[in-house]
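Here is the structure we will look at.
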Amino acid sequence: MLMIHREFYQFVTFSIMSMVGQSLFILADTFFIANGVGTQGLAALNIVLPVVNIINGLGWMFGVGGATQFAITKSQGKMEKANNHFTQTIVFAGVIAVFFTVLSQFFVVDILGFLGVTPTLFEMSRSYFMILTLFTPLFILNNVFITFIRNDFNPRLAMIGMILGGIINIIFDYIFIYPMGMGLTGAAIATVFSPAVSLMICSFHFKYSRRTLAFQPIRLRFGSILATLRNGFSSFLNEFSSAFVMLIFNLIVLDLAGDIGVSAYSIVANMNIIAVAIFTGIGQGVQPLVSAYHGKDNREAVNTVLRLGLRTALIIGGLFVAIGLFLPDLIVAIFNGDGNIELAKLATPGVRLYFTSFLFTGVNFTMIFYLAAINEGKKSMVISALRGLVFVYPAVALLSRSLGLTGVWLAMTVVEILTLIGILMIFWNERRKRVV
């Protein structure tokens, strides 16, 4: 039992730090753009952020889905089959990444129009979007490699890769935005360095003495690809839901408060990225252990890891709520380099109210990753869909209509509570079936 606790805290700590390292590139872009470009730059960045979520979601879909198959098969001693999952996932993810890049470059005007870009923000949004999507394969393959390395029991290297990538991005953000005055173009170029450095660091895993991960001649198994997509799709939905929420919120806030409202929401959205990164880190730390113990049919160990994950998510969620309640002015001030009074007036209550949702987000994320880790991809997918698609628009539309911006800030709290109720109903139904 002590070993399980030690493994849990090692994996979760490294995973959280990895995800924070990845989210640093968005946070750094937001900080330097807010202070070096201004509120319009902040709004332009926020228009493109849903695309970042989708790119990350594709990476985590292939990574978590393929690595779950790898971990379960590896724990059963079937190494050739496990490594075929790895090779097949890398190839398939690479093909999808290139396809995404081509579509993005050809349909940039249509995509930005769909995302709600205004004429005043178009050029800044376009420059960031074009550079970011050109290097989509780097972002997707980095997420895939990170997840497989973690499942090959080398979470420390995954963490180092992600954090160093984030640090390099921060350095180049400063250089390109301040001394060189390159604005959002410079921010986008700096961002590309993050996955490039991370991939380079992660390649050292193949010199790791205890690694089992290896490339091999691919044997295409469509059943395996479908299982990868099924188990990983909830991870994609988690990221896609963030993109969907951002899109819906951008459009509604734009209608309620204009560009300055979108800038205010950008502050809230970027803090949400940090919170979601930490909760994703908990889920990704739980996943390799749950998959390994599930493959060995060790139910007691699986339940222990799940309990530890839920407890950690609740504690961190409570800390976020406290920060939102007591330090909203400080958070807004960090991203309000112009000292814009109207921006602060809109964003401060947004931080305070939106942060209440984080008490439930971590629990929901942990359950989503847990279900995927035990090959319950459909249930994991249902919960992700409830959280990210089914409940979001009705909640934000109804609440914004009755409460204005206050309703927008409260919408995600309502969504997370409804999702948690959905999770409890799914597990209650399963328990009732077993009794019957």
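Report the relative contact order of the chain, percent, no decimals, based on alpha-carbon pairs under 8 angstrom and at least 6 residues apart.
24
Ignoring ligands, DNA and RNA, what percent of the accessible area of the chain is carbon or sulfur (1.4 Å)?
That fraction is 70 percent.
Which one is right for this structure if volume of the Cα convex hull per residue in Å³ is calculated from it: (1) 251; (2) 135; (3) 210?
Here the calculated entry is (2).
Relative to the longest principal axis of the chain, what angle (0 to 90°, nearest 10) does the C-alpha long axis of helix 136-151 take?
With rounding to tens, the tilt is 40 degrees.
Taking K and R as +1 and D and E as -1, what net charge do the other residues with C-beta under 14 Å from the C-beta of LYS81 add up to?
Within the 14 Å Cβ shell, the charges total +3.
Please work out whether region 326-433 counts as rounded, prolate or oblate from its C-alpha gyration tensor, where a ≥ b ≥ c are the square roots of the eigenvalues and a/c under 1.5 means rounded, while otherwise a/b larger than b/c means prolate and anything else oblate? Display every interim value, and only then the final one.
Values: a/c = 3.23, a/b = 2.14, b/c = 1.51.
Prolate shape, in that a/c is at least 1.5 and a/b is the bigger ratio.
Give the cross-link partners of LYS81 among the lysines, using a straight C-alpha distance below 25 Å as the criterion and excluding same-chain residues fewer than 8 apart.
Cα-Cα hits under 25 Å: LYS207, LYS296, LYS378.
May I ask for the angle, rounded to the nearest 10°, between helix 341-354 and the longest principal axis of the chain, with both axes built from Cα atoms and the value confined to 0 to 90°?
30
Normalised by the number of residues in region 323-417, what is the relative contact order in percent for Cα pairs under 8 Å and 6+ residues apart? Show your work: numbers first, answer last.
Numbers: 82 pairs, mean separation 28.7, N = 95.
About 30 percent, as a whole number.
Per residue, how many Å² of accessible area does the chain show with a 1.4 Å probe?
39
Given DSSP loops and a limit of at most 16 other Cβ atoms within 10 Å, what is the longest stretch of the chain that contains no such trypsin sites (Lys or Arg not before Pro)?
297-436
The values are calculated or read from the model by the stated rules, or taken from the named source; none is laboratory data. Predicted model only: the values in this text are computed from it and were never measured. Methodologically, a virtual Cβ is constructed for each residue, glycine included, from the backbone with ideal geometry; neighbour enumeration extends over all protein chains shown. We work out accessible area using only protein heavy atoms, side chains counted, and drop any ligands, DNA or RNA first. Shrake-Rupley method; radii C 1.70, N 1.55, O 1.52, S 1.80 Å.
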